[in-house]
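Values in this text are rule-based calculations from the coordinates and carry no lab data. Bear in mind that the values here come from a model prediction, so they are computed numbers and not experimental data.
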């Protein structure tokens with residue numbers, strides 16, 4: 001038996017310095033993903049926010065210890081989505097600087 005997995009790719013997601021300036025990522029059909037930080041990017045910290053709907057209220061994602069979920073990143077690398085995002089429907093990423101990133105997701 002072969003398992004088929006769906007993969008979604010978003011080549012350019014806007015990461016703003018505020019929730020309002022960041023793109024919506026539809027994560028509702030996915031369980032995991034990766035964020036691809038392009039070479040030359042000024043992004044070093046990503047803060048993860050989630051909402052029940054694409055135009056809903058986005059709140060900071062917290063882990064099992066009630067700590068904000070953040071990712072430390074560097075230009076030219078890609079990183080796995082934090083495990084705390086499993087089950088989220090819609091995401092936004094807020095960075096320490098404005099920029100873009102590529103996103104891949106799998107169910």
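In region 7-106, Cα pairs under 8 Å separated by at least six residues give a relative contact order of 50 percent.
Roughly how many Å is it from the Cα centre of region 1-69 to that of region 86-102, as a whole number? For region 1-69 versus region 86-102, the Cα centre distance is 4 Å.
Binning the alpha carbon pair distances of region 7-106 at 10 angstrom intervals from zero yields the distribution 17, 55, 27, 1, expressed in whole percent.
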